[in-house]
Amino acid sequence: PAQLRAVETLLRRAEAHFGGLQDMEWCLSKDRLYLLQSRPITTLEERGEAIVWDNSNIVESYSGVTSPLTFSFARYVYGHVYIGFCRLMGVSRRRIAANHNRFFHMLGSVRGHVYYHLVNWYRLLALFPGFKMNRGFMEQMMGVKTPLPEAIVAEIVGPKPDLWTRSIDGLDFARTLAGLVWHEVRLPRTMRDFYARLDEALAGDIAALGLDGLARAYRKLEERLLSHWDAPLINDFLCMIAFGLSRKQMEKYGGEAGLRYHAD
């Protein structure tokens with residue numbers, strides 16, 4: 001800690017001396033700190049859109065410090081799984097492609113801890129019709145205590161839609177709702193198929209495999225599961241909607257006491 005504070009002090013002195021942010025090289029020799037090189041950082045661009053980190057929910061899965069390998073895998077999996085979910089829910093390939101980068105930045109690593117990139121979650125949820133209702137359900141399900149500022153949400157949603165846009169959105173919402181009902185009706189079959197793929201992918205003893213065999217086994221897992229993660233996602237989405245609707249009913253009939261009872 002003392003060495004870190006010394007480096008920070010030296011960096012701030014260099015910034016003050018040269019009048020700007022510095023790319024600084026330094027070393028320690030016999031507990032003495034030396035400045036080797038300092039030059040201005042010229043590649044910084046103006047900050048773009050706001051970034052809001054939130055770990056209200058994901059901290060249950062990734063508590064403590066998470067290694068870079070685990071984080072990179074988690075971010076990769078989240079991207080592929082939610083692209084598959086959007087396809088499942090009828091989001092057009094054009095809209096998915098336009099948001100490709102956001103799918104692979106749903107998570108962030110901040111000082112070794114995994115967080116949701118909340119703005120990207122909102123933007124991806126906005127791909128679904130009925131965003132206003134879904135947004136509230138998502139916040140409740142994820143345990144977000146402080147929702148995004150309305151100015152950011154307004155920028156995501158865009159200007160107030162005209163009658164034609166609202167009509168198209170209404171048709172999309174009806175189609176998505178029908179799709180949800182269909183997925184719920186056939187959920188038992190979807191779950192059976194999912195468990196069959198899971199059992200097949202995990203079959204065999206990987207302890208005796210060499211590196212090539214392990215690589216093949218991993219690709220097999222990806223092929224069988226990652227692109228077909230349907231049952232857990234449908235369950236999650238249905239649970240999110242049911243959670244939000246039941247909460248609204250408890251608030252309607254029980255007020256604050258109903259909300260506390262719902263949380264308990």
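The values are calculated or read from the model by the stated rules, or taken from the named source; none is laboratory data. If you're wondering where the values come from, they're calculated on a predicted model, not measured in any experiment. Neighbour counts are summed over all protein chains in view; Cβ atoms, including those assigned to glycine, are modelled from backbone coordinates with ideal geometry. Heavy atoms of the whole protein, side chains included, go into the accessibility calculation; ligands, DNA and RNA do not. Shrake-Rupley method; radii C 1.70, N 1.55, O 1.52, S 1.80 Å.
Filtering segment 113-126 down to residues that are over 9 Å from the mean Cα position of the chain (by Cα) and open to solvent by 20 Å² or more (accessible area, probe 1.4 Å), which residue is modelled with the highest pLDDT?
So, considering only residues that are over 9 Å from the mean Cα position of the chain (by Cα) and open to solvent by 20 Å² or more (accessible area, probe 1.4 Å), the one modelled with the highest pLDDT is H113.
Can you spot a residue in segment 90-111 that is without any contact (Cβ under 8 Å) to a residue 24 or more places away in the chain, touching a strand residue (DSSP E or B) at 6+ places or on another chain (Cβ under 9 Å) and open to solvent by 50 Å² or more (accessible area, probe 1.4 Å)?
yes
Since G244 meets every condition but one in (1) closer than 25 Å to V77 by Cβ; (2) under 22 Å from the mean Cα position of the chain (by Cα); (3) not aromatic (F, W, Y), which condition does it not meet?
Evaluating G244 over (1) closer than 25 Å to V77 by Cβ; (2) under 22 Å from the mean Cα position of the chain (by Cα); (3) not aromatic (F, W, Y) leaves (1) as the failure.
Just for helices (runs of 4 or more DSSP H) wholly inside segment 134-233: which have at least 3 residues that are modelled with pLDDT under 80?
Because the criterion is at least 3 residues that are modelled with pLDDT under 80, the helices (runs of 4 or more DSSP H) in segment 134-233 that meet it are 150-157, 163-185.
Among all residue pairs at least 6 apart or on different chains, which show Cβ distances below 7 Å where the first residue, located in segment 204-215, is at negative phi and the second is assigned to a helix (DSSP H, G or I) and surrounded by 11 or more Cβ atoms within 10 Å (Cβ to Cβ)?
I206/L214; I206/A217; L209/A217
Do we find that V65 is closer than 23 Å to L148 by Cα and touching a strand residue (DSSP E or B) at 6+ places or on another chain (Cβ under 9 Å) in this structure?
Taking the combined requirement at face value, the residue does not satisfy it.
Which of the residues spanning segment 65-79 are in a loop (DSSP other than H, G, I, E, B) and either open to solvent by 80 Å² or more (accessible area, probe 1.4 Å) or modelled with pLDDT under 90 (or both)? Spell out how you get there, then give the answer.
From segment 65-79, those in a loop (DSSP other than H, G, I, E, B) are 65-67; that's our starting set.
Once the filter is applied, which keeps residues that are in a loop (DSSP other than H, G, I, E, B) and either open to solvent by 80 Å² or more (accessible area, probe 1.4 Å) or modelled with pLDDT under 90 (or both), segment 65-79 yields only V65.
Can you name the residue in segment 1-49 that is of a type in the set (G, A, S) and over 30 Å from R123 (Cα atoms) and, of all such residues, is least open to solvent (accessible area, probe 1.4 Å)?
Of all residues in segment 1-49, those of a type in the set (G, A, S) come to 2, 6, 14, 16, 19-20, 29, 38, 48.
Pick out the ones that are also over 30 Å from R123 (Cα atoms) and you get 2, 6, 14, 16, 19-20, 29, 38.
Values: A2: 68, A6: 42, A14: 7, A16: 80, G19: 71, G20: 29, S29: 55, S38: 31 Å².
The extreme case among them is A14.
Tell me, please, whether a residue that is closer than 19 Å to L124 by Cβ, out of contact with any helix residue (DSSP H, G or I) (no Cβ under 9 Å at 6 or more places or on another chain) and surrounded by 11 or more Cβ atoms within 10 Å (Cβ to Cβ) can be found in segment 80-88. Working first, answer last.
Narrowing segment 80-88 to residues closer than 19 Å to L124 by Cβ: 80-88.
This time we only want the ones that are out of contact with any helix residue (DSSP H, G or I) (no Cβ under 9 Å at 6 or more places or on another chain), so: none.
No, because not a single residue in segment 80-88 is closer than 19 Å to L124 by Cβ, out of contact with any helix residue (DSSP H, G or I) (no Cβ under 9 Å at 6 or more places or on another chain) and surrounded by 11 or more Cβ atoms within 10 Å (Cβ to Cβ).
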